[in-house]
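Down below is the structure, laid out as structure tokens.
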Amino acid sequence: MLTVSCPNCGAPVTFRSASLPNRVCDQCRSMLVRSDDGVGIAGVQAALPFDVSPIRMGTRGRFDGRAFEVIGRVRWRWTDGSWNEWLCLFGDGSHGWLGEAMGQFMMTHERALDTIDPAWRLKLTRDARVGDTVMLDGEEMTIADSREVLCIAAEGELPFTAPPGWRIHSTDLRSGSGRLANVQRDGSEVHFYDGRYVTLAELKPTNLRAIEGWKAPVYG
Amino acid sequence: MAEADTLSPPQAPAATAITCPSCGGTVAIRAAGHSVTVACEYCASILDVSEPAVKLVVEHHRRRAALDIPLGTRGTLKGVEWEVVGWMARSEGGAYPWEEYLLFNPYEGYRWLIYNRGGWSFGEQLTVVPGGGWGGLELDGAHYKHFFAEGTAQVDRVVGEFYWRVKQGDTVRTDDWVRPGYMLSREADDREISWSRSEWIDAKTVEAAFGIRTESGPWPPLPHQPSPHVAWLKQALVIAGIAALAIIAAAMFAGGSRTLAEQTLTIARDGNDQSATLGPITLRRPYQPVSVRAEVPSLSNGWVDLEYTLVDRATQRAFNTYKAAERYSGRDSDGDWSEGSRRTTADFASVPAGTYDLVVDYKGNNWLGAQSIGDWRNAAFAPEMRITVTSGGAPFGVALLALILIGVPVLFGAIRHAAFEQARMGESDFAPTSSEDDD
């Protein structure tokens with residue numbers, strides 16, 4: 001945990017994990033980067049467009065028995081809409097992404113690409129075609145989508161800077177069991193995420209965003 | 001910081017608004033962040049709201065659609081409040097039209113309220129793919145039967161906001177599987193396959209939730225509409241089974257009737273009126289049947305008139321019944337014949353508890369000219385009559401009648417259930433018996 005003053009506006013900013021070197025200042029939206037030399041400014045983050053997500057910074061919940069807190073968000077857009085990826089910091093310092101799209105939620109964790117059968121790795125990173133199937137740990141996954149996505153805005157703490165206008169290639173995989181995976185490619189850099197659909201009820205979240213005129217559910 | 005937020009949570013606004021570039025109307029966006037397409041509720045123009053600058057996709061100048069449940073209406077279904085944010089009229093190439101309302105709750109996501117031929121369903125997008133083989137599918141341990149195959153569904157009209165790019169004329173291939181109360185639907189286009197499950201809901205529930213009135217329910221029933229006769233039939237079968245067992249048990253055990261009084265009376269040979277009193281007869285149950293049996297062993301070609309009166313000693317309330325024992329026999333060209341019986345039983349169906357006397361008024365007659373060993377005219381012969389008073393189970397005939405009466409409504413219910421199921425299955429592409437109009 002490191003708390004410093006924002007080099008741009010002087011507001012206090014906290015870095016909670018060494019593996020999350022990027023942070024958007026809540027006050028002035030400067031993109032800050034933490035390094036051994038201190039905290040520098042890497043640009044300015046865009047304002048997040050209005051949405052009615054029930055999640056917000058500080059929402060807490062449990063996934064597979066492990067407690068997490070939402071500390072960051074990236075909002076992405078593709079040709080047919082936008083979605084949120086909420087960064088969840090777990091008690092052991094690891095992080096996962098709570099995806100929120102079309103009113104549904106999914107939790108994924110980054111996984112080393114070399115844990116995938118090499119036969120399928122190339123397919124996922126070079127030759128992904130919608131409708132093709134890939135075997136992942138013995139489970140058949142179908143490529144549901146493969147296209148360029150655009151970063152609109154971000155907030156909080158992040159493992160990367162996520163500049164607005166950043167374009168990456170994203171490939172989504174789904175299985176019949178509710179499992180999903182995602183491959184994100186930016187030039188030669190490839191990240192692989194593995195997870196499944198979740199419901200808010202199963203995460204038992206607290207500190208949800210209050211939305212005018214709607215009763216927030218209380219999960220016991 | 002988080003704690004401070006918990007104490008006074010800042011309320012985020014629920015909706016925002018845009019201006020329709022076609023008609024200038026102010027259009028509410030109720031699922032901001034999710035909505036991609038908006039069909040203007042005033043002019044029906046299709047707008048792209050996926051980016052901050054609203055774009056006109058297709059311009060229309062239509063009259064405002066009058067929805068049964070207007071956009072923005074809220075209703076509680078399954079304990080969750082939902083707001084109507086979109087509406088689509090769909091059909092199979094213009095035939096078999098139905099309507100789908102898109103419901104939204106920011107904490108719960110989206111659901112569908114589907115209106116088809118007067119029936120309602122509540123649908124949800126699935127995040128899993130049902131497993132299974134030919135003819136059926138499995139989901140959450142339940143089996144679904146294939147009902148409709150290779151249909152097409154097109155979008156005829158849209159109003160409101162949607163989380164995907166929707167437009168008039170969009171067509172998907174559809175397949176449906178059902179089990180009572182639920183339907184699994186598969187919709188496929190060239191790009192993706194989506195699965196949803198819808199639950200049949202009672203029209204009254206929808207009417208109460210959204211404050212609307214709907215026409216009478218569909219006939220033939222919806223594919224997944226549960227037979228309304230099943231619950232009743234199950235209950236009726238259980239009740240009828242218990243009742244039947246009780247009647248059979250009563251007939252078997254309680255039917256072994258208890259003797260309350262017995263007496264042998266002498267019948268005067270001169271045919272005079274006679275009277276005798278049997279008692280006390282104590283009846284303990286609140287109500288019980290009482291049988292009086294008269295047996296005249298020596299009766300031959302004669303009869304005995306009997307009048308029974310049960311008199312409650314306490315209240316003098318009386319129950320009356322008449323009987324006759326008669327027996328004739330003889331010989332003709334066909335040989336020996338006989339008719340009638342030497343015994344007769346009178347029944348009081350339901351006598352209240354109390355202490356009674358049974359007054360027997362009787363009169364013996366004989367067939368003059370007849371000859372037999374026990375001829376009453378033989379002065380040395382004293383004909384006797386044995387009176388036995390019993391109480392207990394209903395006579396067998398009553399038990400049988402009761403069983404039939406119990407069975408009739410069950411049978412009636414079963415026939416109605418079968419008719420419902422036949423009408424429901426008749427709509428299926430997999431109907432067991434095909435109708436004449438093969439197409």
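Quantify how strongly other chains surround peptide B:27-34 by giving the mean number of their Cβ atoms within 10 Å of each of its Cβ atoms.
That average works out to 5.
What is the calculated FRET efficiency for B:D48 to A:A18, with r their C-beta to C-beta distance and R₀ = 30 Å, to the nearest 0.05? Can you show the working numbers first?
Numbers: r = 42 Å, r/R0 = 1.41.
After rounding to 0.05, the efficiency reads 0.10.
Pick out the long, greasy-scoring helices in chain B: whole DSSP H runs spanning 18 Å or more along their own axis by Cα, mean Kyte-Doolittle at least 0.0.
What comes out of the filter, once short or polar helices are dropped, is B:229-249, B:396-425.
What residues qualify as long-range amide H neighbours of B:L139, i.e. H under 5 Å apart, gap of 5 or more or another chain, H built at 1.01 Å from N?
B:Y144
Points 7 angstrom from Cα along the Cβ direction at B:D347 and B:A250: gap in nanometres?
1.2 nm
Let me understand the stretch A:101-220 better: what is its radius of gyration from the alpha carbons, and its Dmax, in angstrom?
For the stretch A:101-220, the Cα-based Rg and Dmax read 16.6, 52 Å.
Using only the alpha carbons of the stretch B:3-158, determine the length spanned along each of the three principal axes and report them from longest to shortest in whole angstroms.
Projected onto its principal axes, the Cα set of the stretch B:3-158 covers 51, 50, 28 Å.
What trypsin sites (Lys or Arg not before Pro) does the stretch B:124-221 have in DSSP loop regions with at most 16 other beta carbons within 10 Å?
B:R165, B:K167, B:R191, B:R213
Please list the three semi-axes, largest first and in whole Å, of the ellipsoid equivalent to the protein assembly as shown, using sqrt of 5 times the eigenvalues of its alpha carbon gyration tensor.
Values: eigenvalues 1505, 162, 115 Å².
Values for the protein assembly as shown, descending: 87, 28, 24 Å.
Compute the whole-percent fraction of alpha carbon pairs in chain A spaced more than 29 Å apart.
Every Cα pair in chain A considered, those over 29 Å come to 28 percent.
Pulled fully out, how much extra length does the chain show between B:E215 and B:A431, if you take 0.36 nm times their separation in residues and subtract their Cα-Cα distance?
75.0 nm
When you have a sec, figure out the Kirkwood radius of the stretch A:1-88 from all distinct Cα pair distances and drop it here in Å to one decimal?
By the Kirkwood definition, the hydrodynamic radius is 14.5 Å.
Using the basic label-point model (7 angstrom from Cα toward the beta carbon), what is the A:L113 to B:R284 distance in nanometres?
Distance between the two pseudo-spin positions: 9.3 nm.
From Cα pairs below 8 angstrom and at least 6 apart in sequence, can you work out the relative contact order of the stretch A:60-203, rounded to a whole percent?
With pairs under 8 Å counted, the relative contact order is 23 percent.
At a temperature of 4 °C and a viscosity of 1.567 mPa s, determine how fast the stretch A:2-44 diffuses translationally according to Stokes-Einstein, using the Kirkwood radius over alpha-carbon pairs as Rh; express D in µm²/s, rounded to the nearest whole number.
The diffusion coefficient I find is 129 µm²/s.
Please list, in order along the stretch A:137-154, the HN-Hα scalar couplings obtained from phi with the Karplus expression 6.51 cos²θ - 1.76 cosθ + 1.60 (θ = phi - 60°), rounded to whole Hz, x for Gly and Pro.
Once θ is set to phi - 60°, the couplings for the stretch A:137-154 become 6, x, 10, 6, 10, 9, 6, 8, 7, 7, 6, 7, 10, 10, 7, 8, 6, 8 Hz.
Loop only per DSSP, at most 16 neighbouring Cβ atoms within 10 Å: give me the chymotrypsin sites (Phe, Trp or Tyr not before Pro) in the stretch B:163-263, ordered by residue number.
B:W164
Can you work out the base-10 log of I(q)/I(0) for the stretch B:97-254 at q = 0.09, 0.17 1/Å, using the Debye formula on its C-alpha atoms alone?
Ignoring solvent entirely, the Cα scatterers give -0.41, -1.13.
Quick one: P(r) of chain B from all Cα-Cα pairs, 10 Å bins, percents rounded to integers, in order of increasing distance.
4, 14, 17, 13, 9, 7, 8, 9, 8, 6, 3, 1, 0
Residue by residue through the stretch A:79-92, what is 3J(HN,Hα) from phi via Karplus (6.51 cos²θ - 1.76 cosθ + 1.60, θ = phi - 60°)? Round to whole Hz and write x for glycine and proline.
The phi angles translate into 4, 10, x, 10, 8, 10, 10, 8, 7, 10, 9, 8, x, 7 Hz.
Return the average number of partner chain Cβ atoms within 10 angstrom of each residue Cβ along peptide B:107-114.
The mean count of partner-chain Cβ atoms within 10 Å per residue comes to 4.
First select every other residue whose beta carbon is under 15 angstrom from the beta carbon of B:D361; then total the charges, Lys and Arg +1, Asp and Glu -1. Please list the in-between numbers first.
Details: positive: B:K323, B:K363; negative: B:D273, B:D305, B:E307, B:D357.
Spelling it out: positives minus negatives among the neighbours equals -2.
Kindly put B:D189, A:D172, A:D80 in sequence by how many other C-beta atoms sit within 10 Å of each C-beta, fewest to most.
On the way: B:D189 11, A:D172 23, A:D80 15.
Exposure proxy ranking, most exposed first: B:D189, A:D80, A:D172.
In nm, to one decimal, how far is the modelled label at B:Q235 from the one at B:E124, with both set 7 Å along Cα→Cβ?
My value for the distance between the label points is 2.8 nm.
Could you list A:M102, B:M88 in order of exposure, starting from the residue whose Cβ has the fewest other Cβ atoms within 10 Å?
Final ranking by Cβ density, sparse to dense: A:M102, B:M88.
Add +1 for every Lys or Arg and -1 for every Asp or Glu among the other residues with Cβ under 11 Å from the Cβ of A:F192, and state the total.
Spelling it out: positives minus negatives among the neighbours equals 0.
Calculate, in nm to one decimal, what B:T264 and B:T19 gain on full extension: separation in residues at 0.36 nm each, minus their alpha carbon distance.
77.6 nm
Semi-axes, largest first, in whole Å: what does sqrt of 5 times each Cα gyration tensor eigenvalue give for the stretch B:258-392?
Semi-axis lengths for the stretch B:258-392 are 32, 15, 11 Å.
Over chain B, what is the relative contact order in whole percent, taking alpha-carbon pairs under 8 Å and six or more residues apart?
Values: 897 pairs, mean separation 57.8, N = 439.
This gives 13 percent for chain B.
Peptide A:54-62: average number of partner chain Cβ atoms within 10 Å per residue?
3
We did not get these values from a lab; they are worked out from the coordinates using the rules stated. Here the structure is a predicted model, which means the values were calculated and not measured. Please note: Cβ atoms are built from the backbone with ideal geometry, for glycine as well, and neighbour counts cover all protein chains shown.
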